[in-house]
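**Q** Before I ask anything, here is the structure I am working with.
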Amino acid sequence: MDWRDKLNGLKSELPQAEEAVFQEKVKPVKKRQSEPLRVELDKRNGKPATLVTEFQGKDDELKELAKTLKIKCGAGGSSRDGEILVQGDFRTKIVDILLEMGFKVKKINFK
C-alpha cells in the first residue's frame with residue numbers, strides 16, 4: 001500500500017463538517033460607510049502628507065486600513081481619531097486602493 005493510498009483513506013474518514021471548515025476561508029465583513037472618505041494633501045513641517053479623514057468605524061479597523069495603505073504605498077504614517085496620515089503625496093494611489101476596496105471617496109486638493 002502506497003503512502004498516497006493511506007492518506008486518501010484517512011481523508012475519507014474525516015467528518016464532513018470538519019472538512020468544510022478547512023476549505024472555507026472566513027473574510028471579515030467590511031462595514032460600508034455612510035459618508036465618503038476624504039482624501040487630501042497636507043503639508044506637515046514643509047513635507048507633503050496624504051490625509052484620509054472621516055473614517056467611521058472601530059479603531060482596529062482604522063489601524064488595519066492604515067496598515068494596508070502604508071504597505072501598498074511603501075511609506076510611513078500614522079492613524080488616530082478617524083484620520084490616517086501617509087507620508088508623501090499618494091493621493092491618486094490611495095484613491096484607487098480605497099475604490100478597489102469598496103469605499104466611497106471624496107477628492108480634496110486634486111489638480
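The values are calculated or read from the model by the stated rules, or taken from the named source; none is laboratory data. These numbers come from a predicted model, not from an experiment. Don't worry about glycine lacking a Cβ; one is built from the backbone with ideal geometry, like all the others, and counts go over all protein chains shown.
**Q** Any chance region 40-49 includes a residue that's in a loop (DSSP other than H, G, I, E, B), surrounded by fewer than 14 Cβ atoms within 10 Å (Cβ to Cβ) and modelled with pLDDT under 85?
**A** no
**Q** Still on this structure: Considering each of 76, 88 in turn, give the residue that is at positive phi and surrounded by fewer than 20 Cβ atoms within 10 Å (Cβ to Cβ).
**A** 88
**Q** If you scan region 74-95, which residues turn out to be outside any loop (DSSP other than H, G, I, E, B) and over 24 Å from residue 34 (Cβ atoms)?
**A** 77, 78, 87, 88, 92, 93
**Q** Now, a different point. Name the one entry in 62, 98 that is part of a helix (DSSP H, G or I), touching a residue at least 12 places away in the same chain (Cβ under 8 Å), in contact with a Phe, Trp or Tyr (Cβ under 7 Å, 6 or more places away or on another chain) and at negative phi.
**A** The conditions single out 62.
**Q** Give 20, 75 a once-over and let me know the one that is hydrophobic (A, V, I, L, M, F, W, C) and either in contact with a helix residue (DSSP H, G or I) (Cβ under 7 Å, 6 or more places away or on another chain) or modelled with pLDDT under 95 (or both).
**A** 20
**Q** For residue 71, work out the one condition from (1) surrounded by 15 or more Cβ atoms within 10 Å (Cβ to Cβ); (2) under 12 Å from the mean Cα position of the chain (by Cα); (3) assigned to a helix (DSSP H, G or I) it doesn't fulfil.
**A** (1)
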